[in-house]
Structure formats: C-alpha cells, structure tokens
Amino acid sequence: MELVSPGIGLIFWMTLSFAILLWILAKFAWKPILKALKDRENTIEHSLLAAVQVDEKMKALESEYEELLSQAKDERDEILQEARTIKNSIIDEAGKKASEEADRILESAKESIHNEKKAVMTGLKNQLAQLSIDIAEKLLREELSKTENQKELVKKLINEARLN
Amino acid sequence: MKTGRDINNRHLGNIFAIIMMLFLIPFAGISNGDDHSQPQHITNDQQPEDWEEIVLEEEYKAGRMIIEHIIDAHEWHILSIGEKHVAIPLPVILVYEGKLYTFISGKFNHGHDAYKGFKVETAYGSTKGKIVRVKDGTMETDTASSLPLDLSITKNVLSVFFSLIILSVIFISVARSYKKRAGKAPKGLQSFLEPVILFIRDLAISSIGEKKYEKFIPYLLTLFFFILFNNLFGLFPFFPGGANVTGNIAVTLVMAVFTFIITSINGNKNYWKHIFNTPGVPWWLKFPLPLMLVIELMGVLTKPFVLMIRLFANITAGHIIVLGFISLIFIFGHLHVGLGYSVSLVSVFFAVFIGMLELLVAFIQAYVFTLLSAIFFGMATEEHH
C-alpha cells in the first residue's frame, strides 16, 4: 500500500534535502541568529546590572551628599554658636575692662585729690605755724621792751624752776 | 518527561483511530485498475474489488480521489477539465538493471502510456502508483521483472526542495537582519520569527538542560520550521502548496531516523547502561532470558517509530477529513443535483472547521515532534544522579 509504505526515492531525496537544509540553516541562519540573541540577552542583562549599580551609586552619592549637607549644617551651627559665645565673651570682657578702668581712674583721682588735700593742708599748717611764730615774736618783742616786764618774767621763770 | 508522556497519551487515541482508518481506506478507496477517464461497466468476468465499484459504478469515487490527493505522484496534478488534465510533469529518474533512465513524466501521458518500457501502475495492489516494467510493446505489467529503483523528483520531492529553498531564504535573510540590526530591536520578519525561535530554544533548555542544549538547537529549530512550513503549505490547496509532505510516511520516517541517530550518537554511558543493564530491576529479568534488554531495545525503536506515525497520521487524517467533506458534495450531487448544492453548505462549513483545526494541528504536531526529539536528546545526555 502506497500510503504506509515509504518510497525509496522520497527517502533518498528527503534525507539529502533535510541534511542540506540542516547544514545551511545551522551554518548561515541559526548560528548568527542564536549568537545575536545571546549577545542581546547579555547586553540587556549587563545594562540592567549597570542600571542597578548606577542606582546604588546614585543612592550612595545622595546619602553622601545628605551627610555632607547635614555636616555642613552642623558646622555652620557650631561656628555660629562659637561666634555667639565669642561675641558675648568679648562684650563681657570689654565691660569688665571698662569698669576696671573706670574704677582705676576713680581711685587714682581720689588718691590725687587726697594727696593734694594733704599737701594743701601741710602748706596751710606751715604757713599757719610761721604766722603764729611771727606773731609770737612780735608780741615777745613788745613785751620785753619794757624792763619791769623782763624782771617779772625772770622772776616767774625762777619761781617755776624752784618749784621743780 | 511528564509533558512527553501526557502528549503521548493524548495522541494515543487519536493515532489509534487514524490507524484504524488507514486500514479501512484501501478497502474503501483504491479501485481495481481502471483509470477514471474511462469509466468501466461491470461485466461478469470482471470482479470489482471494492464496494464503491458496485455502489457508484461509473460515478464519483471518493476514496480513490482522496487517496490520489494525499499520496505522492510523478506529476503535479493541478486540475482536470472534463477529460483534459492540467498537470506539471516532473522528472523521472530510474535505475534499472544497472542502467539510468531519465525522462519527463509527461511521457506517461497521465498514466495512459508506457515509455522506455516503464509505466505508472494503475492497478490495485502493492505497486499502485509506482513505476513498473511493462512487457515489450504493451501496457501490461511485467510481473516477472523486479521494480526499478525510483529516484524520481516526485511531487513531494519537489515540495521538499521548495521548502528547502524557502526556509533557507527566509532564515538567512532573518540572520542577515540580525547582523545588520545588531543591538537594535527586531523588525519585520525578524520580530515575527524571534518569539518562535526563542520558544524552541526555551523548550530545548527545559528538556535537555542549560549545559548541553546548544549542540541540539540547530537540529530542533530546523526540524520545527521544516515540519511547520510543510504542514501549513500542505493545507494550502493550490500549487505550489497542497502536497502532503509531512503526511507522507517516507518524510516522517527520515525525520524520525534523524532524531534516532542523533539520540543514539549522543547517548552517554548512563543512557546505554539503562538499556543493556537496567539498574533497579531483579536479576532474573536480565538472566538467563534478557527480558529487560528486549523491552528496552523495543522502547528505543518505538520512540522514533511513534514520532514517524504520529506526524504522518495527524496530517494525513486532516487531509482525508477535509477531502471527505468535499467529496460528500459530489457523492450527493450524483444522486441529485439539488441535494449536492444543499450538502455543499454543510460540507464547506465542516471543511472550514476542520481546516481551522488542521491549522492548529499543524502547529501542535510541529511542536510535539520537536518537543519529543528534545526530550529524547535530554534522556540520552542525562547525567546519572
């Protein structure tokens, strides 16, 4: 029966054709096609990997940036704080110095006033003493110009000496 | 392995039905040697060999028409108008008694004439449709002489050549566009075929394994596209389609043998050990009677045999059913013209339905043949674990 008995001629030609087709397609079609597909798959995989890596890098950069930013903020705050304390301390010190100076000036003024006063007093005393001496001298001269007064004085002095 | 077995089961009933059908066809279809341009009247001395001769007499013989459509031929019949046959004559190449005979099949005059001592056998029997030797100067078959070695370019051979050229052109151009458009997205035919190529590649990876599939992938791709192309072209009813290539047992035989040879060549130690010294079975199954060996060897041969039958039967069955529905129109038309017209509505509807089913079968059978081949390669190269 023709239907289920394979013909020799067809087997021969089919084997030949199929082998040739297999060879042609394997060499000129499947090899480049499969290579291209594999290359493309590799490219896609690499690209995806690279994208993930870039993403990670971006994230790292971002966090680094944020860290830097917060660091900068901290630093700024610190600097401001420092400046503030410095300012305060400067003001304080200046105030203190000013009051000290004022005190010192006041003190020295007081002292010089005191000294002046002393000097004035001394001068005054000296003058007063001179004046008293002069007056006494004049008085004595007047008293002793008369003889009886001289005699009385001597007497008195002798009396006083006897008492002792 | 599971998928393969499932598919086997699914098709088993199908195949069985078709094989039963094949046994019935010769009784129904092949007539006893008259040729249909000269209808014969039954006479007493001539015993018709099939019932159709009696029932339909000089009328339309569906079985014969169907068989003529699905078997190979030495000419490519396109159409007949009345008694005139329009057919493309094909080269006949014969080797007979060490001599080479080449001529065009047109010399046979559609089976009416003999040429150089040869003719196309029209009589019912094992040689029907083949080229046989005639007795000198007559049209009588020389039964005493042997059959010539027939290497003719028949309808199916021409179809195979045709698919060889078309497939080469398609895939080389696709390969070229891969080179030209390297690193770019696929376009046109390339993007149409790429998913299919990837599908076959994934199929090969899953059944053979990531490590070894690359060796087999060119064969599997060629096999798939050859079967698919010829399945689809066989469904197309006009020249150059319509040849029943994948529904021819010689074609499926060659592909099954290719799979068998590749499986056997690549079979590793583990594979052959399973055949010759199956592990895990009691010793008395191997000695003194090597039952396991016989069973395993049968299994080895059954696999390609089933591949061959499955594809052949599925495709042939589809063609037979479609042709059967079309034949119904003419059978009823011979009884009554009006009946023929009304039946044609039903017939065409069913023929279209089966045609769609066949379209599906064209893909499924190409897939199944490729999948099973891949599974056999996977079994042959499987490492022991």
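Please give the FRET efficiency for residue B:345 paired with residue B:236, using the beta carbon to beta carbon distance and R0 = 25 Å, rounded to the nearest 0.05.
Efficiency, from the Cβ-Cβ distance: 0.60.
Given an 8 Å cut-off on Cα distances and at least 6 residues of separation, report the relative contact order of segment B:124-259 as a percent.
So the answer I get is 18 percent.
Tell me, how many Å apart are the Cα centres for segment B:225-274 and for segment A:86-133?
With segment B:225-274 and segment A:86-133 each reduced to a Cα centre, they are spaced 130 Å.
What net charge do the residues around residue A:149 carry, taking every other residue with its C-beta under 15 Å from that of residue A:149, with Lys and Arg at +1 and Asp and Glu at -1?
Within the 15 Å Cβ shell, the charges total +2.
I need to check one value: relative contact order of segment B:155-381, counting alpha carbon pairs closer than 8 Å and at least 6 residues apart, in percent.
In percent, rounded to a whole number, it is 29.
How big is D, in µm² s⁻¹, for segment A:8-154 by Stokes-Einstein at 20 °C and 1.002 mPa s if Rh is the Kirkwood radius over C-alpha pairs?
Translational D for this selection: 73 µm²/s.
Averaged over B:308-321, how many beta carbons belonging to a partner chain fall within 10 Å of each residue's beta carbon?
1
Enumerate the amide H contacts of residue B:88 below 5 Å, restricted to partners 5 or more residues apart or on another chain; note that Pro and chain-start residues carry no placed amide H.
Residues meeting the amide H criterion: B:76, B:77, B:78.
Once amide H atoms are built 1.01 Å from N in the peptide plane, which residues 5 or more positions from residue B:104, or in another chain, come under 5 Å H to H?
For residue B:104, whose amide H was placed from the backbone, the distant partners under 5 Å are B:92.
Once you average over the residues of A:22-28, how many Cβ atoms of partner chains fall within 10 Å of each Cβ?
Partner Cβ neighbours, averaged per residue: 6.
Percent of Cα-Cα pairs more than 12 Å apart in segment B:264-317, please.
Percent of Cα pairs beyond 12 Å in segment B:264-317: 69.
Hey, what do the phi angles of segment B:209-222 turn into as Karplus ³J(HN,Hα) couplings, whole Hz, using 6.51/-1.76/1.60 and θ = phi - 60°, x for Gly and Pro?
x, 4, 7, 10, 5, 4, 5, 9, 4, x, 5, 5, 5, 4
What is the spread of the Cα atoms of the protein assembly as shown along each of their three principal axes, largest first, in whole Å?
Largest to smallest, the principal-axis extents are 230, 69, 45 Å.
What is the ratio of the Cα radius of gyration of segment B:176-323 to 2.2 N^0.38 Å, where N is its residue count, to two decimals?
Rounded to two decimals, the normalised Rg is 1.37.
Which ³J(HN,Hα) values in Hz, rounded to whole numbers, follow from the phi angles of segment B:366-376 under the Karplus curve 6.51 cos²θ - 1.76 cosθ + 1.60, where θ = phi - 60° and Gly and Pro get x?
Using θ = phi - 60°, the values come out as 4, 5, 5, 4, 5, 4, 5, 4, 4, 5, 5 Hz.
With a Förster radius of 51 Å, plug the Cβ-Cβ distance of residue A:71 and residue A:26 into 1/(1 + (r/R0)^6) and report the FRET value to the nearest 0.05.
The pair residue A:71/residue A:26 has a calculated efficiency of 0.20.
With a point put 7 Å past each Cα toward its Cβ, work out how far residue B:147 is from residue B:77 in nm, to one decimal.
It works out to 2.0 nm between the two label points.
Say R0 is 35 Å: what FRET efficiency, to the nearest 0.05, do residue A:135 and residue A:115 get from their beta-carbon distance?
0.70
How many Cβ atoms of partner chains, on average, are near each residue of B:260-268 if near means within 10 Å of its Cβ?
Rounded to a whole number, the mean comes out at 0.
Could you give the spread of the C-alpha atoms of segment A:1-77 along their three principal axes, from largest to smallest, in whole angstroms?
Between the extreme Cα coordinates on each principal axis of segment A:1-77 lie 102, 25, 6 Å.
Over 25 Å between Cα atoms, which of A:27/B:303; A:27/B:187; A:35/B:184 qualify?
Exceeds cut-off: A:27/B:303.
Every number in this text was worked out from the coordinates using simple rules, so none of it is lab data. All values reported here derive from a predicted model rather than from experimental measurement. A quick note on method: Cβ atoms are made from the backbone with ideal geometry, for glycine too, and the neighbour counts reach across all protein chains shown.
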